[in-house]
1. Determine by what factor the alpha-carbon radius of gyration of the range 63-152 differs from 2.2 N^0.38 Å, reporting the quotient.
2. Which one of 245, 222, 233 has the biggest mean-square fluctuation once the chain is modelled by GNM with Cα springs under 10 Å?
3. Multiply the residue gap between residue 204 and residue 282 by 0.36 nm, knock off their C-alpha separation, and tell me the result in nm, one decimal place.
4. List residues of the range 183-215, by number, whose backbone nitrogen lies under 17 Å from a label position 7 Å along Cα→C-beta of residue 69.
5. In degrees, nearest 10, range 0 to 90: what is the angle between the Cα axis of helix 292-308 and the longest Cα principal axis of the chain?
6. I'd like the FRET efficiency for residue 85 and residue 305, computed as 1/(1 + (r/R0)^6) with the beta carbon distance as r and R0 of 22 Å, rounded to 0.05.
7. Given a Förster distance of 30 angstrom, what is the FRET efficiency for residue 148 paired with residue 265, based on the Cβ-Cβ distance and rounded to 0.05?
8. State, to one decimal in nm², a quarter of the convex hull surface area for the C-alpha atoms of the chain, i.e. the direction-averaged projected area.
């Protein structure tokens, strides 16, 4: 089905059909209605690639996230998509699976389709993407961290400072034998930043680090049993297990309950991220609160600001922090 087929059916020119497809069309309303009805009946799909070649607009932005089954990234993408849709844009989603090489491949593939902006989850990047993004000359927004050397725009928080604040709050509660349970092979990732924040808080309190790790990112609920075994084997006197994320913390708590241990009486557990499971679990999990939707909305806002900027005066790099604060709940609230 081609545009000429629609035009032939209605007895009008292909140019009139093309104009009728534009929301700000100058075509008569009755003609536009007839075109849209014919398109629906015949199943015609406009060639957006051809349109973007002439208008230099593709009508979409691209976002890359490390995981599609992580509720945090789902919330961020939904909020981002809504913000962009309000500007008449659609969102293409790529899943990097925490693999920097895959991220580079996806960036290359997406840039070939001429997105008008690209949003990357800050988890360390393959250096190959930097020249590609520079050549593309489109807005680039990194989310979910505050990288030391941003590519362009940023919406996020310091994972290091957020974890440091949580551990400091737990030390103030009276905990000292706190063991960190994180991920292996996580260099330059947000998880590595959280581990560093833990180490800084322990050092500030005159306490030595107690570090354990399981598998490569992402740590999941299913890793809880193995994680608990790892912690108790390395540091059997542990009072509190500080987990890299809420799903891992939930898994550790479940492993404790299978052993008949009461959390936090026998062992306290904390997470990171304020997932839904942290709020409704029993006991509710001490964590760091983050508004995933706000990250998406702010990223969409920056893209809008970049589009509104004058062509000869591009938007200066924007660094937009979002709150990430300790939230103490029942999984660590024990009289000491």
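Bear in mind these aren't lab numbers, they're just calculated from the coordinates by the rules spelled out. What you see is a predicted model; the values in this text were computed from it and never measured. Heads up, the Cβs are rebuilt from the backbone with ideal geometry, glycines too, and the neighbour counts pull from every protein chain shown.
1. So the Cα radius of gyration is 1.02 times the expected 2.2 N^0.38 Å.
2. Of the options given, 233 has the highest mean-square fluctuation.
3. Here the segment from residue 204 to residue 282 would lengthen by 24.9 nm.
4. 215
5. Approximately 40 degrees, to the nearest 10.
6. Calculated transfer efficiency: 0.85.
7. Calculated transfer efficiency: 0.15.
8. 20.4 nm²
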